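Notes for the one structure printed next.
The values are calculated or read from the model by the stated rules, or taken from the named source; none is laboratory data. Predicted model, so just to flag it, every value in this text is computed and none were measured. Counting neighbours? That spans all protein chains shown, and the Cβs are built from the backbone with ideal geometry, glycine included. Surface areas here come from the heavy atoms of the whole protein model, side chains and all, with no ligands, DNA or RNA. Shrake-Rupley method; radii C 1.70, N 1.55, O 1.52, S 1.80 Å.
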Amino acid sequence: LGLTSVLCSPQNYPLYIRSVPTENELKFHYTVHTSLDVVDEKISAMGKALVDQRELYLGLLYPTEDYKVY
């Protein structure tokens, strides 16, 4: 089991990433960056008109063989 905490900027790039346990830290960093790309894609697909009314839960962002990122 792994846990990664991420603090993102308003421009959607990570300011702080902390992984526990640390032995797979590089793998978790890659997963975080890939998931943020999916967030960008989902928000862009919603369009500018729906910015104030968009759903806050984005669902499954990035599944891997070992993990699922929501």
- Query: Hey, does the stretch 26-46 have a residue that's over 19 Å from residue 70 (Cβ atoms) and modelled with pLDDT under 75?
  - Reply: no
- Query: In this structure, does residue 54 turn out to be modelled with pLDDT under 80 and open to solvent by 100 Å² or more (accessible area, probe 1.4 Å)?
  - Reply: no
- Item | Scope the stretch 14-42; condition open to solvent by 30 Å² or more (accessible area, probe 1.4 Å) and among the aromatic types (Phe, Trp, Tyr); matching residues | 16, 30
